Amino acid sequence: MLSFFGIAGPEVASMDPQQRLLLEVAFESFVRAGMTKTSLLQSMTGVFVGIGSSDWISHSRSKATPYTGTGVAASIAANRVSYVLGLKGPSMSIDTACSSSLVALDAASEKLRRWKCDAAMPGARRLMRTRTAMFVVRGAVQWC
């Protein structure tokens, strides 16, 4: 599926699964809304993603490649969607712990109200690969 987006195999292997899933689900959302890759290209469509840190970096550390830096950075997630689909609107990855998805939705609606974009795709992604990460987040949620 990711070859459809023009992403090479070595880069895909270095990408956090959160980024891969986000890209696929974002595109599926656009398609279900009646948009195509061609209609999205150069459009003023904004991407606003609530995304937290991931334990994928611990997996990638021993297999570092030139793509690891962007592959594990949560800050790249929204920008990857915008870049791959050729979107020209605002693009933000937002990490506010427990409220990331809500803040992403608020940012998207605010940009629409101010005419900073013609369409917006708010979303959120949280994927934890290890049991340790789940316990850490579960403990942190008590503080949110």
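The HN-Hα couplings worked out from phi for the range 100-111 by the Karplus form 6.51 cos²θ - 1.76 cosθ + 1.60 (θ = phi - 60°) are 4, 5, 5, 5, 4, 4, 5, 5, 4, 5, 5, 5 Hz, whole numbers, x standing for Gly and Pro. Surface calculation, 1.4 Å probe, protein heavy atoms: Cys117 sits at approximately 0 Å² accessible. Here the range 2-118 exposes an accessible surface that is 59 percent carbon and sulfur, computed with a 1.4 Å probe and the other protein chains kept in place. Going Cα to Cα from Lys88, which lysines come in below 27 Å? Please leave out same-chain ones fewer than 8 positions away. Once the sequence-local lysines are set aside, what remains near Lys88 is Lys37, Lys111, Lys116. The slack in the chain from Ser109 to Leu21, taken as 0.36 nm per residue of separation less the alpha-carbon distance, amounts to 29.4 nm.
Computed 3J(HN,Hα) for the range 72-86, one whole-Hz value per residue from the Karplus formula 6.51 cos²θ - 1.76 cosθ + 1.60 where θ = phi - 60°, is 10, 7, 4, 5, 8, 3, 5, 5, 5, 4, 4, 5, 5, 8, x, glycine and proline marked x. Between the amide H of Val47 and those of Ser91, Met92, Met121, distances stay under 5 Å, these residues lying 5 or more places away or on another chain, with hydrogens modeled in the peptide plane. Amide H to amide H distances under 5 Å link Asp16 with Val72, where only residues 5 or more positions off or on other chains count and H is placed in the peptide plane.
Let's test the formula: R0 of 22 Å, r as the Cβ-Cβ distance of Thr36 and Ser3. What FRET efficiency results, to the nearest 0.05? Taking R0 as 22 Å, the efficiency between Thr36 and Ser3 is 0.75.
The values are calculated or read from the model by the stated rules, or taken from the named source; none is laboratory data. Everything numeric in this text was worked out from a predicted model, so none of it was measured. Neighbour counts run over all protein chains shown; Cβ positions are idealised from the backbone, glycine included. Ligands, DNA and RNA are excluded from the accessible area calculation, which covers all protein heavy atoms including side chains. Shrake-Rupley method; radii C 1.70, N 1.55, O 1.52, S 1.80 Å.
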